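What follows is one structure encoded as structure tokens, with my remarks underneath.
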Amino acid sequence: SLGAHIDKFRTLFAGSSQNRGQPEPIILKASVVMMQMFSWLLATFLCCFLAVAFSVEEGTGKFEPWLHELWSKEGHPHDPAPEDAPLELRISKGFGPNGYSKVRVSPISHQLEEFTDLKFSYRQQFKHRWTENFLHSTLMDLKPGANKLIVGGRDVVVDLPVENEGIRGVFWSDPCISSKWINCKYGERFQVYNRSIDMLNTVYKDPSMNFFSILGDNFYDQTGEITKTIFSRLSADVKRRFLLMVNGNHDNWVCGRPQCATARDNFGIGQMQYYAADTAASILPPQDDVNFYDFSANPDDGRNFSTSWPNTG
């Protein structure tokens, strides 16, 4: 126990005062004890951290009144977007072996679109989850610096940093705005929705910004409604930057672990398509630059909801 380590530490120094005339490696012994104490404390911290990370309080099962009020004014996220709405665009770096110049450009819509200004090699309805959406995507060769594109009649500038130079961006992790799926204790209290959107839209006015990264447990969203509510209010300046997304345990199973998985879970499949990352699957046959996702595992086949699906990239 920790108390035993402390007693041992005291005994070492008490013994040293009684035997000052004898050469004894007090510093070495003390260092060993300190390392043991540190290891114990670290193990305790990790156990507490993992316990918190893998257990969240169950949600209410209902969206908050403020979200319903917002949707009544601005439209439900599953409704077709207005014609003047910002283009839902994802810019992601090509997977490493594809080469530094490779960039994946991917607009998302509520139907298959005919983009006459840019040819998209992938044009498909979302599969398995969040299927009200359609993904258009292509892998392009861009040069370092400003690359001017036209996507859906809109000017888009993609700035590819010079290779091996520094980059600037914002990292998010575990953002939540609603308690429908899990208990989002501080979402309303800290006004996470409005403040987060205002922060991103302000920061990315700065032309020196390169990327935005969201590192897992992305809004604790099973249906895509929360995610689309957030992204629909992000500016074109945010969406033209490189997006890096990491899949979290709560993106696979909203409760956080396979033992409590249900048929409603997303298994990261909706997010995989919505964030349009160029994943490792894109270089593994039979995938290629066109069919860059692996949909071979259907979460609804066999109803084995506790499995971690490899197609989430």
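Being open to solvent by less than 30 Å² (accessible area, probe 1.4 Å) and at pLDDT 95 or above is the filter here; which residues of the stretch 236-256 pass it?
Of everything in the stretch 236-256, those that are open to solvent by less than 30 Å² (accessible area, probe 1.4 Å) and at pLDDT 95 or above turn out to be Val238, Lys239, Arg241, Phe242, Leu243.
Kindly list the number of the only condition in (1) open to solvent by less than 50 Å² (accessible area, probe 1.4 Å); (2) touching a strand residue (DSSP E or B) at 6+ places or on another chain (Cβ under 6 Å); (3) modelled with pLDDT of 95 or more that fails for Gln125.
Gln125 satisfies every listed condition except (1).
Go through Gln259, Gln271 for me and flag whichever is in contact with an Asp or Glu (Cβ under 9 Å, 6 or more places away or on another chain) and either outside any loop (DSSP other than H, G, I, E, B) or open to solvent by less than 40 Å² (accessible area, probe 1.4 Å) (or both). Quick ask: steps written out before the conclusion?
Details: Gln259 fails: in contact with an Asp or Glu (Cβ under 9 Å, 6 or more places away or on another chain).
Matching residue, one of Gln259, Gln271: Gln271.
Any chance the stretch 153-173 includes a residue that's among the hydroxyl-bearing types (Ser, Thr, Tyr) and crowded, with 17+ Cβ neighbours inside 10 Å? Give the derivation first.
Looking only at the stretch 153-173, we keep the residues that are among the hydroxyl-bearing types (Ser, Thr, Tyr), and these are 173.
With crowded, with 17+ Cβ neighbours inside 10 Å added as a condition, the list becomes none.
Within the stretch 153-173 (the criterion being among the hydroxyl-bearing types (Ser, Thr, Tyr) and crowded, with 17+ Cβ neighbours inside 10 Å), the answer is no, since none of the residues qualifies.
Could you tell me how many of the residues in the stretch 282-304 are under 15 Å from Gln124 (Cβ atoms) and buried (at least 16 other Cβ atoms within 10 Å of the Cβ)?
Residues meeting the conditions: 7.
Condition test on Phe212, is it farther than 20 Å from Ala261 by Cβ and open to solvent by less than 70 Å² (accessible area, probe 1.4 Å)?
Working: farther than 20 Å from Ala261 by Cβ: yes; open to solvent by less than 70 Å² (accessible area, probe 1.4 Å): yes.
Here the answer is yes, as Phe212 does meet what is asked.
Could you identify the single residue in Leu87, Leu112 that is under 21 Å from the mean Cα position of the chain (by Cα) and assigned to a loop (DSSP other than H, G, I, E, B)?
Numbers: Leu112 fails: under 21 Å from the mean Cα position of the chain (by Cα).
Exactly one residue qualifies, and that residue is Leu87.
Could you please find all residues in the stretch 132-147 being open to solvent by less than 60 Å² (accessible area, probe 1.4 Å) and out of contact with any His (no Cβ under 6 Å at 6 or more places or on another chain)? Can you show your working first?
From the stretch 132-147, those open to solvent by less than 60 Å² (accessible area, probe 1.4 Å) are 132-140, 142, 145-147; that's our starting set.
Answer for the stretch 132-147, where residues must be open to solvent by less than 60 Å² (accessible area, probe 1.4 Å) and out of contact with any His (no Cβ under 6 Å at 6 or more places or on another chain): Asn133, Phe134, Leu135, His136, Ser137, Thr138, Leu139, Met140, Leu142, Gly145, Ala146, Asn147.
The values are calculated or read from the model by the stated rules, or taken from the named source; none is laboratory data. All values reported here derive from a predicted model rather than from experimental measurement. Cβ atoms come from the backbone with ideal geometry, glycine included; neighbour counts cover every protein chain shown. These accessible areas exclude ligands, DNA and RNA; they are computed on the full protein's heavy atoms, side chains included. Shrake-Rupley method; radii C 1.70, N 1.55, O 1.52, S 1.80 Å.
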